[in-house]
Amino acid sequence: MTPAPGRGRPPIFDQAAQDAFLNLVASGVRIGDAADKLGISRRTPTQLAARNPSFAPRLAAAKAAGRDHRIPHGTAGGYNNHACRCSRCTAAATAARTRHRATTAPTAEHDGPDRTAHIHPLRVPQPTTATTKFSVLADVG
């Protein structure tokens, strides 16, 4: 049963708002920021994707396109910080790792951290002229 026109709460996240939201997400804006920009709750798009089987793939495609806009492709940061495994990011990370290893190569006089133990002797108090265990404890304490 559909409600009579003019009754109930009007939809905030209608088809036009959904399209605007998906365009923002596809351009690289994060979901929460896009929702804030449109004046809707941050949970509304994900709840709609769970309920509406036609909106879910559109949201997934927009998120994938937006992720590509946010990642700095061709940099070591794209590989290390954003987990991008494209060929450009992989090559940049390999080159950066090679440069780093070449500049921090171990030398002959130092090939690792110093792992020798430093022993500090503890001073044990010695009883002076005590003859009974009670006088020894009194001298120590």
Among residues belonging to segment 62-84 that are among the aliphatic types (A, V, I, L, M) and on the phi < 0 side of the Ramachandran plot, point out the one that is surrounded by the most Cβ atoms within 10 Å (Cβ to Cβ).
ALA62
Taking ALA93 as the residue in question, decide whether it is surrounded by 13 or more Cβ atoms within 10 Å (Cβ to Cβ), touching a Phe, Trp or Tyr at 6+ places or on another chain (Cβ under 8 Å) and without any contact (Cβ under 8 Å) to a residue 24 or more places away in the chain.
yes
Test ALA16 against the stated conditions and say whether it is in a helix (DSSP H, G or I) and either surrounded by 13 or more Cβ atoms within 10 Å (Cβ to Cβ) or among the basic types (Lys, Arg) (or both).
no
Does segment 44-61 include one or more residues that are assigned to a loop (DSSP other than H, G, I, E, B) and surrounded by fewer than 11 Cβ atoms within 10 Å (Cβ to Cβ)?
yes
Could you list, in sequence order, all residues of segment 37-89 that are over 16 Å from GLN18 (Cβ atoms) and either touching a Lys or Arg at 6+ places or on another chain (Cβ under 9 Å) or of a type in the set (Phe, Trp, Tyr) (or both)?
ARG70, HIS73, GLY74, THR75, ALA76, GLY78, TYR79, HIS82, CYS84
What number of residues in segment 19-32 are open to solvent by less than 20 Å² (accessible area, probe 1.4 Å) and assigned to a helix (DSSP H, G or I)?
4
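The values are calculated or read from the model by the stated rules, or taken from the named source; none is laboratory data. Not measured: the values here are computed from a predicted model. Because the Cβ atoms are built from the backbone with ideal geometry, glycine has one as well, and the counts that use them run over all protein chains shown. Side chains are part of the model used for accessible areas, which takes the heavy atoms of the whole protein and leaves out ligands, DNA and RNA. Shrake-Rupley method; radii C 1.70, N 1.55, O 1.52, S 1.80 Å.
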